[in-house]
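Values in this text are rule-based calculations from the coordinates and carry no lab data. Quick caveat, the model's predicted, so the values are computed rather than measured. Neighbour counts are summed over all protein chains in view; Cβ atoms, including those assigned to glycine, are modelled from backbone coordinates with ideal geometry.
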Ligand SMILES: Nc1nc2c(ncn2[C@@H]2O[C@H](COP(=O)(O)OP(=O)(O)OP(=O)(O)O)[C@@H](O)[C@H]2O)c(=O)[nH]1
Ligand SMILES: [Mg+2]
């Protein structure tokens, strides 16, 4: 039996929010990958704490890592288990990073298949696992098909048909040089490729939105101690989830709740107050809050309307940076005149009272508006792709760019065709394998071939 | 072994078998039409030209036969990259035939005999011989059937119908029944051919001339570049047919249909056999009749036609592009509406022909029938079209019929090794709805298939199956060494501003390479070596990409599926896939993965099953 040559990665725990998300990596590149990710080679079978950083160095999560040297692993190959915090968003990010580092998304049942091939399981065990996986993959397939019948499918059909049209136009000149074909029109090929690239980009842009849809918009409440952050969370979720007290520094750990605002799912996270002059112990907490800010899709900056606005510390300002931020001016019930608070320039402000509920409609409207803005501009249809789709589309995008360069540089047409076929294959990973017959159908429909 | 039929498939099958040392009988209904070009008198062209070179690389006869009977040579796509350049030749139709007939007559271990096969003789699921119209029975260990369009062949000219596989020839009527009896399914296909005209009735001054290349690109790899060497191979003492390749080339002529032609065709559409529903078979999309062209591309003002001479010692011309099943009087009127053909005399009318074919998914990749052991099929009976496609299959079927009789593993060319591999895999895995013609676009690894590399790509197969003599093997091996040596050298040795290879990739065009002052030692290599080296260096990035892709794919390609595996009893396999697999009986996991409707998790399940059976049946190809 041939040894697999590629390294695969996938979520080993069921998708969704669990206490723990375990990502499994298996294959010959695993030791190198472990070294790249976590420094020196980890000793086998010892669980270690480590920071998971993306290719560009950004911290994703602190994780538990275990390295298994083949053949003493589930799959019988060198493999790695990475346990994160059960946050599907982060798990997804880690997977995407692993793909960027050269891993391939595992097919359903592929770990088991490798385990079996490496003699780690007998046939009956493997069959039992495969039965299970098969049932699951059928469901996944059904789900995927459902999506393919829907908006994504329609988009893909347009993309594939357009590409087949270009390919047919290119192939005709390769395969039928003797025919009386109209003059080659490289300009229109270039234009169509450009259109395809734009459309592919649009679909790619929905990748993050897909996560937002599945996992919720990560909304982080920040502000000075005692500004009323926990009160805000409680009123938004509709019950006393977080402890509220007149004592500053009440909230120490993060509190997370899910809720629906308008058509959007939100993951609301309450944080410890940001003290402009923190004590040493507080500093640690602030660091943690900064990490949450980094992952946030939406920030709710709570200010106490009765206080002059405390200056935002430069590191905080830097972190808020380009995040979508909504300023919530709280405790307006205590105001008689105008508020002494100076709100940061350029940000939308809503005036509320977490105590009385005043201004609540404005608040939910403002949140909905911000959430709507996350929806990528892709007509009125709702499309959201997953990480596997994104990986294929990214490859397609690369191929389209390279193809277009070849057209402009007037490079040999068979090389252009080679790029286009790569793109077609990538599209095929989403829409199902595309047989060459379909290209030929287009070719013979477009050109009168046949001497 | 016995070969039934002496068309382009049959002659390659018989020659390959006899050259491998097997005692071979070639049966044909008419010895005078051996290797007849029933359609246009040309060999090669896009993808087909590469296939002919592959046939040559495997010891076949088509290449050399074309070289010495060719009357015009052209390299197509010369302005494009090497991978898609294809040699093409017009041949002297009679010389082509006679030379092949002579070759067969002189071939040791081979006997030709004129008789029409009427039935196959079966015994417990195997074929053991055949009966003929002369009531003489023949027995053999294996039988190769290459009956072309002759199975229940029916020709249409308007409402006129004639039985036969080709104008003037017979139809094999009873053989179809003999296949059905063995459980082999048959279906109908259709093809057509244009009229033939008398040259002296044509006005060539009204047409555009198309000349051959001054420096012809030939098909055979060895000894064809120098005249002396050629005659060395040709053993001129024995051969009297053919001439020095590329000498005294003749021209083809180009003309166009007129609005009047279109009008005539439209007015008579209802009389066309195809448009009046007389024909049930499916015709090819790439070779539409003139009726189809005017109907489907109504806004195209004119259609191009080529007049191709049928030989040096005949005045007959083939009108490429004017295939039709309109009645004779309409054909005449139509021809006369074309510039240069106003006074044309028709020697033979155009006609459409319908015939039985046996859907090729009933075959193993060795081209042996899945239904009847020791029975092999090649050529148009498998649903293909074209001399080159037929010859390729004939060669493989002939080799494998011998291998089968000897208990040796079959010759199976992979999809990444050549067009022949793509052809056979497509046929046996996917089948075909129309007469299957090769296009370069069908090959996913087209970039590796430059025609010059055919003998390097197929060397291992030629060696394994003893298809070439030692002298030639040595020549190819030396060429391979030289090519590999120089590629390595150019990639590693430095010149100004980097390695030679990067310098080559930087400059564009042939002229640019000339400015590089490559080492003399390299320039002294034969051009076949230099061309291949330059191709590999210049396109290294692309070729690497192809090779990486192949490595990935070949993992599943290597895993053989035991022939007796009961797909329907495999747990975890979806019912739909199990049925498909049971129907197609794939040979390797790679083939299974190309069957439509079989998905990756089915392949995983299969892989596990096969691995489990490894103790006993599983084996690598
Ligand atoms: N009058 C009034 N009081 C409020 C309002 N919102 C919060 N408070 C009060 O302000 C105090 C602090 O509220 P919290 O919600 O605990 O504030 P916090 O920002 O979570 O504080 P830390 O967790 O300590 O950082 C409590 O006594 C609340 O009752 C409001 O809108 N109006
Ligand atoms: Mg709090």
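Miscellaneous remarks
- Per residue of peptide A:434-444, the mean number of Cβ atoms on other chains within 10 Å of the residue Cβ is 3.
- For the residues of A:411-420, the average number of beta carbons from a partner chain within 10 Å of their own beta carbon is 6.
- Which of B:607, A:439 has the fewest Cβ neighbours within 10 Å, and the rest in rising order: B:607, A:439
- Gain upon complete extension [residue B:244, residue B:102; 0.36 nm per residue less C-alpha separation]: 49.4 nm
- Segments B:523-533, B:53-63, B:19-29 sorted - mean Cβ within 10 Å per residue, highest first: B:53-63, B:19-29, B:523-533
- Relative contact order (percent, whole number), chain B, Cα cutoff 8 Å, 6+ residue spacing: 17 percent
- Highest mean first, the peptides B:442-448, A:255-261 sorted by other C-beta atoms within 10 Å per residue fall in the order B:442-448, A:255-261.
- Ascending count of other beta-carbon atoms within 10 Å, so fewest first, for B:325, A:313, A:339: A:313, A:339, B:325
- Förster radius 30 Å - calculated FRET efficiency between residue B:371 and residue B:135, Cβ distance, rounded to 0.05: 0.65
- Span from the region A:221-286 Cα centroid across to the region B:126-159 one, whole angstrom: 88 Å
- Separation of the residue B:329 and residue B:269 label points, Cα + 7 Å toward Cβ, nm: 2.1 nm
- In plain terms, if you count all Cα to Cα distances in region A:8-120 and split them into 10 Å steps from zero, the share in each step is 15, 51, 31, 3 percent.
- Put in line by how crowded their Cβ is, counting other Cβ atoms within 10 Å and starting with the fewest, A:46, A:352 read A:46, A:352.
- Packing-based order for B:208-217, B:270-279, B:87-96, using average beta carbon neighbours within 10 Å, highest first: B:87-96, B:270-279, B:208-217
- FRET efficiency estimate (nearest 0.05) - Cβ-Cβ, residue B:185 to residue B:260, R0 30 angstrom: 0.10
- Per-residue shielding of B:288-299, expressed as the average number of other chain Cβ atoms within 10 Å of the residue Cβ, stands at 2.
- For region B:312-340, the residues whose backbone nitrogen is under 14 Å from a point 7 Å from the Cα of residue B:203, taken along Cα to Cβ, are B:336-340.
- A Förster radius of 45 Å combined with the Cβ-Cβ distance from residue A:6 to residue A:187 puts the calculated FRET efficiency at roughly 0.70.
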